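The values are calculated or read from the model by the stated rules, or taken from the named source; none is laboratory data. All values reported here derive from a predicted model rather than from experimental measurement. As a convention, Cβ positions derive from the backbone with ideal geometry for all residues, glycine included, and neighbour counts pool all protein chains shown. What goes into the accessible areas is simple: the full protein's heavy atoms, side chains included, and nothing from ligands, DNA or RNA. Shrake-Rupley method; radii C 1.70, N 1.55, O 1.52, S 1.80 Å.
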Amino acid sequence: MRKVTVLLILVFMTGSVFSQESSRLIQFDSVRIAAQGALPLADFADVTTMGFGVEGEGRFKLASVQELRILAEAGGLYYLTDLDTVDYILSLSLALGAGWQMSFMDGKLGVLPSLSYGPMLHMASGDSLDVFTDTALTAGAEISYQVSEFLSLSFKPAYSIFLEEDTNGQQFILSLGAVFQLKEGE
């Protein structure tokens, strides 16, 4: 929990650095909102069958390196399970990451490979409520298609591994969503 608190403090304290003005070191670039589906792998597949959820992501870019994206992500997944002792598993996550924005077809098609890391909170509900905290590392590659000046549709496959005390969990995540691009100079 301490890691979550430190992460939130850092994000809020750096608010004056993050701006949409081009004179700032880091500029607020866009927001992505997506629906997610998760397929648990390895040991995690023994506990849950699949997950569904949402994710939000704020994107920032450096004034000196326009392709580099700094990502601030938050999401939640609700997992189904076949275990008799567990009704459901809920996962909440925060992460900071980085990606490299590539554009094709005169900017209409975008590819953003990324890597993110952050705390993850699991809650398993059954006879009692069990709470676990982990850290997760996620690698993904978003493909987006621009449908208007300010809106792109996105598809993002990702692989996530979260480290637990005596094992690790793994999952494949597919996200479908929209990226809302901010106007330059606003």
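Close contacts from the range 128-147, counting a first residue that is of a type in the set (Gly, Ala, Ser) and a second that is open to solvent by 70 Å² or more (accessible area, probe 1.4 Å), with Cβ to Cβ under 9 Å and a gap of 6+ residues or different chains, come to 136/117; 136/163; 139/115; 139/159; 140/115; 140/159; 144/153; 144/155. Residues in the range 108-155 that are in contact with a strand residue (DSSP E or B) (Cβ under 6 Å, 6 or more places away or on another chain), among the charged types (D, E, K, R) and surrounded by fewer than 19 Cβ atoms within 10 Å (Cβ to Cβ): 108, 130, 134. One residue is enough: does the range 4-16 have a residue meeting the conditions surrounded by 19 or more Cβ atoms within 10 Å (Cβ to Cβ) and modelled with pLDDT under 95? Taking every residue of the range 4-16 in turn, none turns out to be surrounded by 19 or more Cβ atoms within 10 Å (Cβ to Cβ) and modelled with pLDDT under 95. Any residue at all in the range 45-67 that is polar (S, T, N, Q), open to solvent by less than 20 Å² (accessible area, probe 1.4 Å) and within 13 Å of the chain's Cα centre (by Cα)? No. When you scan the range 76-90, do you find a residue that is of a type in the set (Phe, Trp, Tyr), closer than 16 Å to residue 173 by Cα and either surrounded by 14 or more Cβ atoms within 10 Å (Cβ to Cβ) or more than 18 Å from the chain's Cα centre (by Cα) (or both), even just one? The answer is yes, given that some residue of the range 76-90 is of a type in the set (Phe, Trp, Tyr), closer than 16 Å to residue 173 by Cα and either surrounded by 14 or more Cβ atoms within 10 Å (Cβ to Cβ) or more than 18 Å from the chain's Cα centre (by Cα) (or both).
Looking at the range 58-66, is at least one residue in contact with a Pro (Cβ under 6 Å, 6 or more places away or on another chain) and farther than 16 Å from residue 32 by Cβ? No, every residue in the range 58-66 fails to be in contact with a Pro (Cβ under 6 Å, 6 or more places away or on another chain) and farther than 16 Å from residue 32 by Cβ.
Scanning the range 156-180 for residues that are buried (at least 17 other Cβ atoms within 10 Å of the Cβ) and either within 14 Å of residue 57 (Cα to Cα) or of a type in the set (Ser, Thr, Tyr) (or both) turns up 156, 160, 175, 177, 179.
Screening the candidates 114, 175 for the property of being hydroxyl-bearing (Ser, Thr, Tyr) and more than 23 Å from residue 45 (Cβ to Cβ) yields one hit, 114.
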